[in-house]
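Here the structure comes first, spelled out in structure tokens, and everything after it is commentary.
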Amino acid sequence: MAEHVVDGLDPEQSSEPRMPRREIERAVFRPDALRPHLPAFRVSESFWAVYWNGWAADLLCDLIGEDNLELRFVWSTDPEAKPHRAPMGF
């Protein structure tokens, strides 16, 4: 469970949260507001979603196994990185 709530979502570049679950299809974060030392965090705009920092997601994948965990890339400061087409679409 992610206990840290980070107000780091860039509302101008991110999609509006879709009701009823407040899903954010395109999440763009303000790098200055993120905490890379945290394994996971939530944003106040979408209270149920958990975002994992890359190092923690890799660690989970190593512990659980790639066959038992689906990682979906959401966002990066690298402009060449392509997010998953539907990161919250389960």
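Computed from the coordinates by the stated procedures, all read-outs in this text should not be read as laboratory data. This is a predicted model, so every value here is computed, not measured. A quick note on method: Cβ atoms are made from the backbone with ideal geometry, for glycine too, and the neighbour counts reach across all protein chains shown.
Tell me the mean residue ellipticity at 222 nm calculated for the chain from its helices only (DSSP H runs of n ≥ 4, each -39500 (n - 2.57), averaged over every residue, nearest 500).
The per-residue figure over the chain is -3500 deg cm²/dmol.
Using square roots of five times the C-alpha gyration tensor eigenvalues, list the equivalent-ellipsoid semi-axes of region 1-50 in whole Å, biggest first.
18, 14, 7
Using the Kirkwood radius over Cα pairs, work out the Stokes-Einstein diffusion coefficient for region 38-90 at 4 °C and 1.567 mPa s, in µm²/s as a whole number.
The diffusion coefficient I find is 105 µm²/s.
For a quick check of your reading of the filter: which GluC sites (Glu not before Pro) in region 37-90 sit in a DSSP loop and have no more than 14 other Cβ atoms within 10 Å?
Answer by residue number: 70, 80.
With an 8 Å cut-off on Cα pairs and a minimum separation of 6 or more residues, tell me the relative contact order of the chain in percent.
Reported as a whole number, the value is 26 percent.
For region 17-90, which trypsin sites (Lys or Arg not before Pro) are in a loop by DSSP, counting at most 15 other Cβ atoms within 10 Å?
The qualifying sites are 21, 26, 72, 85.
Over all Cα pairs of the chain, how is the pair count split among 10 Å bins, expressed in % and running from 0 up to the last occupied bin?
Taking all Cα pairs of the chain, the binned fractions are 16, 51, 30, 3 percent.
Helix 54-64 against the longest principal axis of the chain: what's the angle in degrees, Cα atoms only, rounded to the nearest 10?
On a 0 to 90 degree scale, this one is about 40.
Simple spin-label model, 7 Å along Cα-to-Cβ: residue 63 to residue 86 in nm?
Using points 7 Å along Cα→Cβ, the separation is 2.9 nm.
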